[in-house]
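Comments concern the structure below.
The values are calculated or read from the model by the stated rules, or taken from the named source; none is laboratory data. Keep in mind that what you see is a predicted model, and the values were worked out from it rather than measured. We place every Cβ from the backbone using ideal geometry, glycine too, and count neighbours over all the protein chains shown. In case anyone asks, the SASA skips ligands and DNA or RNA and just uses the protein heavy atoms, side chains included. Shrake-Rupley method; radii C 1.70, N 1.55, O 1.52, S 1.80 Å.
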Amino acid sequence: KHALYFLDVLCNTGLNIGNAKIIVTMLDSYPHLKNNFLLEVERLVQREPYKSRLGNKIMIADVSPVLKQRDFYLLDLHIKESGHKKIADVLWGKIKGN
(Lines give C-alpha, C1' and ligand atoms only; values in the text may rest on other atoms or scores of the structure.)
Protein backbone atom coordinates (compact mmCIF):
# COMPACT_ATOMS: atom_id res chain seq x y z
CA LYS A 1 0.00 0.00 0.00
CA HIS A 2 2.88 2.40 0.65
CA ALA A 3 3.96 2.33 -2.99
CA LEU A 4 0.41 2.99 -4.13
CA TYR A 5 0.03 5.91 -1.72
CA PHE A 6 3.39 7.32 -2.81
CA LEU A 7 2.46 7.28 -6.50
CA ASP A 8 -1.00 8.67 -5.76
CA VAL A 9 0.58 11.65 -4.01
CA LEU A 10 2.84 12.28 -7.00
CA CYS A 11 -0.07 12.08 -9.43
CA ASN A 12 -2.86 13.78 -7.52
CA THR A 13 -1.38 16.75 -5.68
CA GLY A 14 -1.11 19.05 -8.68
CA LEU A 15 2.67 18.85 -8.50
CA ASN A 16 4.19 20.08 -11.75
CA ILE A 17 7.12 17.74 -12.37
CA GLY A 18 7.87 19.14 -15.81
CA ASN A 19 10.90 17.40 -17.32
CA ALA A 20 12.34 16.42 -13.95
CA LYS A 21 13.18 12.83 -13.09
CA ILE A 22 12.28 11.35 -9.72
CA ILE A 23 14.77 8.98 -8.16
CA VAL A 24 13.09 6.61 -5.71
CA THR A 25 15.16 4.71 -3.17
CA MET A 26 14.51 3.05 0.16
CA LEU A 27 16.68 3.23 3.26
CA ASP A 28 16.11 1.41 6.52
CA SER A 29 18.11 -0.49 9.09
CA TYR A 30 20.14 -3.32 7.59
CA PRO A 31 17.80 -6.18 8.52
CA HIS A 32 14.86 -4.33 6.90
CA LEU A 33 16.67 -2.89 3.90
CA LYS A 34 15.34 -5.35 1.35
CA ASN A 35 11.59 -5.02 1.01
CA ASN A 36 8.97 -4.87 -1.69
CA PHE A 37 8.46 -1.08 -1.82
CA LEU A 38 10.78 -0.47 -4.79
CA LEU A 39 9.53 -3.53 -6.65
CA GLU A 40 5.96 -2.42 -6.17
CA VAL A 41 6.68 1.17 -7.32
CA GLU A 42 8.41 -0.23 -10.40
CA ARG A 43 5.45 -2.50 -11.12
CA LEU A 44 2.77 0.12 -10.53
CA VAL A 45 4.42 2.83 -12.61
CA GLN A 46 3.99 0.60 -15.67
CA ARG A 47 0.20 0.64 -15.21
CA GLU A 48 -2.41 3.33 -15.67
CA PRO A 49 -2.96 5.97 -14.45
CA TYR A 50 0.66 6.21 -13.34
CA LYS A 51 2.16 5.29 -16.69
CA SER A 52 0.54 8.17 -18.56
CA ARG A 53 1.07 10.68 -15.76
CA LEU A 54 4.62 9.77 -14.74
CA GLY A 55 5.83 8.03 -17.89
CA ASN A 56 9.57 7.55 -17.74
CA LYS A 57 10.09 10.08 -14.95
CA ILE A 58 10.53 7.48 -12.19
CA MET A 59 13.97 5.94 -11.72
CA ILE A 60 14.46 3.21 -9.13
CA ALA A 61 17.73 3.24 -7.18
CA ASP A 62 17.96 0.04 -5.16
CA VAL A 63 20.87 0.43 -2.73
CA SER A 64 20.33 -2.87 -0.92
CA PRO A 65 22.81 -4.84 -3.08
CA VAL A 66 25.71 -2.50 -2.23
CA LEU A 67 25.09 -1.94 1.49
CA LYS A 68 26.49 -4.46 3.94
CA GLN A 69 26.05 -4.86 7.69
CA ARG A 70 29.45 -3.19 8.23
CA ASP A 71 28.10 0.00 6.58
CA PHE A 72 25.80 0.55 9.59
CA TYR A 73 26.64 1.50 13.17
CA LEU A 74 25.83 -1.25 15.63
CA LEU A 75 24.33 0.85 18.42
CA ASP A 76 21.91 3.13 16.60
CA LEU A 77 21.66 1.59 13.11
CA HIS A 78 22.59 4.81 11.30
CA ILE A 79 24.60 4.52 8.09
CA LYS A 80 28.37 4.99 8.33
CA GLU A 81 30.46 7.07 5.94
CA SER A 82 31.16 3.96 3.86
CA GLY A 83 27.43 3.42 3.37
CA HIS A 84 26.81 7.04 2.42
CA LYS A 85 29.55 6.78 -0.21
CA LYS A 86 27.95 3.66 -1.67
CA ILE A 87 24.53 5.31 -1.76
CA ALA A 88 26.01 8.39 -3.44
CA ASP A 89 27.65 6.18 -6.06
CA VAL A 90 24.33 4.46 -6.85
CA LEU A 91 22.50 7.79 -7.09
CA TRP A 92 25.24 9.32 -9.23
CA GLY A 93 25.04 6.32 -11.55
CA LYS A 94 21.31 6.96 -12.00
CA ILE A 95 21.82 10.67 -12.61
CA LYS A 96 24.72 10.15 -15.00
CA GLY A 97 22.86 7.43 -16.89
CA ASN A 98 19.98 9.79 -17.62
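Of the two radii for the chain, the radius of gyration is 1.02 times the Kirkwood radius, both from the alpha carbons; that is the Rg over Rh value.
Using a Cα-Cα cut-off of under 15 Å, which aspartates and glutamates could be cross-linked to Lys57, ignoring same-chain neighbours fewer than 8 residues away? Straight-distance partners of Lys57: Asp8, Glu42, Glu48. Computed in the context of the full set of protein chains, the accessible area of the chain at 1.4 Å probe radius has 57% of its extent on carbon or sulfur. Taking the longest Cα principal axis of the chain as reference, the axis of helix 81-97 is set at about 30 degrees.
Helix-only arithmetic for the chain: the sum of -39500 (n - 2.57) across DSSP H runs with n ≥ 4, divided by the residue total, places the mean residue ellipticity at 222 nm at -12500 deg cm²/dmol.
Using the 1.4 Å probe convention, the accessible area of the chain works out to 69 Å² per residue with neighbouring protein chains retained. Net charge around Val24, counting only other residues with Cβ within less than 13 Å of its Cβ (Lys, Arg = +1; Asp, Glu = -1)? That sum, taken over residues with Cβ under 13 Å, equals +1.
Name the residue farthest towards the positive end of the dipole of the chain from the options Leu38, Gly93, Thr13, assuming +1 on Cβ of Lys and Arg, -1 on Cβ of Asp and Glu, about the Cα centre. Result: Gly93, furthest along the dipole toward the positive end.
Any idea what angle helix 2-12 forms with the longest principal axis of the chain, computed on alpha-carbon atoms, 0 to 90 degrees, nearest 10? So the helix axis and the longest Cα principal axis differ by about 40 degrees. Pick out which of Asn16, Asn56, Asn36 has the largest mean-square fluctuation in a Gaussian network model of the chain, springs linking Cα atoms closer than 10 Å. In this elastic network of the chain, the residue with the biggest mean-square fluctuation among Asn16, Asn56, Asn36 is Asn16.
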